[in-house]
Every structure is written in C-alpha cells, then in structure tokens.
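This report refers to the structure that appears directly beneath it.
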Amino acid sequence: MKTIIIKDKKFTELFSEQELKDIVTACAQKIKRTINETENLVLIGVLNGGIPFMNDIAFSLPENITIDYVRAVSYGDNTYSSGKVELLLDTQLDLRGKDVLIVDDIIDTGRTAKFLKDHFISKGAGSVRLCCLFYKKGTLVEEPEYFGSYIGDDFIVGYGLDYAQKGRNLKNILKLSD
Ligand code: 5GP
Ligand code: MG
C-alpha cells in the first residue's frame with residue numbers, strides 16, 4: 001500500500017494514477033456526449049483545487065467554449081469545512097444568457113457549489129450546471145449533473161486537492177489514514 005506523510009498526517013492511496021485517469025476520462029466523455037454544440041458554454045473552474053480537472057475536461061471539449069476561474073474557500077488549512085464560503089476572486093465575464101458549467105474538485109457539504117450556483121444565477125446566467133470530480137454527500141445541492149466518482153467521508157489529497165497547500169501535484173488520489 002502506497003503511503004506518504006504530508007506535514008503531520010499520513011495518507012494512503014485511494015485511486016491509482018490509472019484509475020484516476022479512467023474516472024476523469026469517463027466524466028469528460030459524458031459532458032461531451034450530452035452538451036449541445038450550439039450552447040454558449042462557459043466553464044468556470046474553482047481555484048485552486050479545480051485546475052487539473054478543468055484542464056483535462058476543457059481539452060476534451062470543442063473549441064467554442066469559454067474558460068474562466070473563480071476562487072472560493074471554505075476549508076482553510078484544515079481537514080474539515082469552516083461552514084462558510086468566501087469568494088476571494090470573481091469572474092469578470094458577462095454571464096447573461098450563458099450556460100455555465102462549474103468545474104470543481106470535490107463536493108463535501110455542497111455549500112461552495114450552492115453559493116456559486118446562486119451567485120452565477122444572480123449574474124444572469126441562463127443555466128448553471130455542476131461538474132465535480134468527487135462527490136461526498138452534497139447535502140445542500142442535488143446530485144451534480146456530472147461527477148467522476150462518489151467517495152465516502154474520507155479527506156483526500158492529490159490532482160489539485162491539498163492538505164495545508166501541499167499534495168496538489170500528486171498524480172494519484174490519497175486518503176487520510178490514522
Ligand atoms: P463544500 O463547500 O462542498 O463543503 O466543500 C467544497 C470544497 O472544500 C472543495 O471544493 C474543496 O476545496 C474542499 N474540500 C472538501 N472536501 C475535501 C477533501 O476531502 N480534501 C480536500 N483537499 N479538500 C476538500
Ligand atoms: Mg475547491
């Protein structure tokens with residue numbers, strides 16, 4: 001079993017690099033299959049964790065999409081949610097009438113996703129859908145339109161996901177072990 005230490009905590013592998021690639025590819029193909037080519041699709045990635053996933057999703061879609069990012073935080077340097085969402089960086093795009101697809105690493109409580117959905121709707125978006133790589137319980141939002149894999153209540157790192165700003169560049173997914 002592959003184990004690494006980040007700061008003060010031990011993590012063991014949950015998905016290998018190949019398993020992760022397969023999850024991402026399946027999710028990207030579902031988006032590609034179901035989006036309408038005539039849509040005014042705007043992908044909005046959530047910094048920082050959503051970057052690798054956004055890249056892989058965007059490269060698999062047609063060239064007429066628009067890409068931008070927002071920055072939202074709810075975890076700080078902890079392994080649990082602080083309970084409130086802060087928008088540190090907003091998009092400057094005119095979203096009126098656009099079809100927004102939020103691309104994020106993971107949904108835990110669903111607070112970030114709900115906050116961003118409401119935010120983009122208030123900016124006039126015609127539709128707002130959600131794509132996340134991992135989905136924990138999402139109590140505050142319905143199941144995302146697109147997601148890579150359901151996971152249990154583990155705290156995970158890798159492929160964009162950090163623990164205290166470390167572990168984002170891991171090519172596999174590891175979970176906190178005791
Ligand atoms: P939510 O608002 O759904 O509770 O939390 C969403 C955000 O919290 C995610 O976008 C991610 O940044 C962070 N988060 C939630 N679960 C995890 C996890 O297991 N590991 C890491 N590294 N971040 C997480
Ligand atoms: Mg995030």
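The values are calculated or read from the model by the stated rules, or taken from the named source; none is laboratory data. The structure presented is a predicted model; accordingly, all values stated were derived computationally and were not measured. In this analysis, Cβ positions are derived from the backbone assuming ideal geometry, glycine residues included, and neighbour counts consider all displayed protein chains. Heads up: the accessible areas ignore ligands, DNA and RNA and are worked out on the full protein's heavy atoms, side chains in. Shrake-Rupley method; radii C 1.70, N 1.55, O 1.52, S 1.80 Å.
Before moving on, here are some points about what is shown:
- Within region 76-92, the set of residues being open to solvent by 60 Å² or more (accessible area, probe 1.4 Å) and either modelled with pLDDT of 70 or more or within 16 Å of the chain's Cα centre (by Cα) (or both) comprises Lys84, Glu86, Leu88, Leu89, Gln92.
- Boolean, Phe147 is closer than 21 Å to Val24 by Cβ and either over 12 Å from the mean Cα position of the chain (by Cα) or modelled with pLDDT under 95 (or both): yes
- Pairing each residue of region 132-148 that is touching a residue at least 12 places away in the same chain (Cβ under 8 Å) with any residue that is in a loop (DSSP other than H, G, I, E, B) and open to solvent by 60 Å² or more (accessible area, probe 1.4 Å), provided the two are 6+ apart or on different chains, yields C-beta distances under 8 Å for Tyr135/Glu143; Lys136/Asp153; Lys137/Asp153.
- Any hit, region 118-130, residues being within 16 Å of ligand 2 (Cβ to nearest atom), open to solvent by 10 Å² or more (accessible area, probe 1.4 Å) and of a type in the set (Lys, Arg): no
- Listing of strands (runs of 3 or more DSSP E) fully contained in region 80-178 that carry 2 or more residues being under 30 Å from Asn64 (Cβ atoms): 86-89, 99-107, 127-135, 146-150
- Checking Asn172 against (1) open to solvent by 50 Å² or more (accessible area, probe 1.4 Å); (2) away from ligand 2 (no atom under 16 Å from the Cβ), the condition it does not meet: (1)
- Per this entry, Ile5 is not counted among residues that are surrounded by 14 or more Cβ atoms within 10 Å (Cβ to Cβ) and among the β-branched types (Val, Ile, Thr).
- Scan of region 8-57 for residues that are under 30 Å from Gly126 (Cβ atoms) and open to solvent by 80 Å² or more (accessible area, probe 1.4 Å), ordered by number: Gln29, Lys30, Lys32, Arg33, Asn36, Glu37, Thr38, Asn40
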